[in-house]
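First the structure, in the form of structure tokens, and then the observations on it.
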Amino acid sequence: MQFREQPIHKDMARVGSILERSGFFNAEEQEIGVSLVRERLEQGEASLYFFQFAQENDQVLGYTCFGPIPGTEVSYDLYWIAVDPNFQNKGIGGQLLQHTEAEIVHRGGKRIYIETSSRPLYVPTRSFYSHHGYILEGQLKDYYAPGDDKLLYVKWW
């Protein structure tokens with residue numbers, strides 16, 4: 001497995017497919033994920049969207065999208081982390097997260113924020129974040145919908 005940072009045109013379809021098949025993201029969220037790849041391809045680093053792709057040969061196994069939080073000095077958001085359903089539970093997500101964290105530190109970051117849903121579907125996601133040292137920092141009631149809170153996790157160095 002190799003890791004790369006630079007998205008290529010094919011990654012728009014690859015990211016869309018991973019997000020769709022994951023079962024976690026609705027059509028609007030899938031389009032947002034694809035649009036961030038498109039924006040990075042069009043604007044380069046000026047977009048402030050950065051990526052890590054895990055791949056074998058020509059197949060993308062998973063990816064992250066992250067970037068600095070505007071108006072902060074050392075804080076970053078992890079916008080997306082997704083692994084192809086055919087390759088989940090093989091440590092790829094953890095490796096992607098480690099590569100992402102290392103790149104954030106390399107760029108001067110000292111905090112990473114991740115938001116997720118409180119719905120039962122996301123129990124494994126929340127467990128993954130906790131397992132990798134992220135702490136639940138905040139909860140916004142009914143943020144996404146009634147009964148669906150926004151949970152904010154953070155990790156710092």
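The values are calculated or read from the model by the stated rules, or taken from the named source; none is laboratory data. Computed from a predicted model, the values in this text were never measured in an experiment. Cβ sites come from the backbone with ideal geometry, for glycine too, and all protein chains shown count toward neighbours.
Report whether or not LYS141 is of a type in the set (Lys, Arg), in contact (Cβ under 8 Å) with a residue 12 or more places away in the chain and farther than 21 Å from LEU19 by Cα. Considered against the rule, which asks whether it is of a type in the set (Lys, Arg), in contact (Cβ under 8 Å) with a residue 12 or more places away in the chain and farther than 21 Å from LEU19 by Cα, LYS141 comes out as no. Among the residues of segment 81-126, those that are assigned to a strand (DSSP E or B) and under 17 Å from VAL154 (Cα atoms) comprise ILE81, ARG111, ILE112, TYR113, ILE114, GLU115, THR116, SER117. Against the test of being assigned by TED's automatic domain parsing to the domain that holds TYR49 and within 26 Å of GLY71 (Cβ to Cβ), the options GLU115, GLU137, GLU103 yield a single qualifying residue, GLU103. In segment 31-43, the count of residues that are buried (at least 18 other Cβ atoms within 10 Å of the Cβ), over 23 Å from TRP157 (Cα atoms) and in contact with a Leu (Cβ under 6 Å, 6 or more places away or on another chain) is one or more.
Annotation: of all residues in segment 1-56 being within 14 Å of the chain's Cα centre (by Cα), in contact (Cβ under 8 Å) with a residue 60 or more places away in the chain and part of a helix (DSSP H, G or I), the one that is farthest from ASN86 (Cα to Cα) is VAL15. Could you check segment 60-80 and list, in sequence order, the residues that are in a strand (DSSP E or B) and free of Cβ contacts under 8 Å to residues at least 24 places away in the same chain? Matches in segment 60-80: GLY67 only. When each of GLY71, GLY109 is tested for being crowded, with 18+ Cβ neighbours inside 10 Å, over 13 Å from the mean Cα position of the chain (by Cα) and more than 25 Å from MET1 (Cα to Cα), the lone residue that passes is GLY109.
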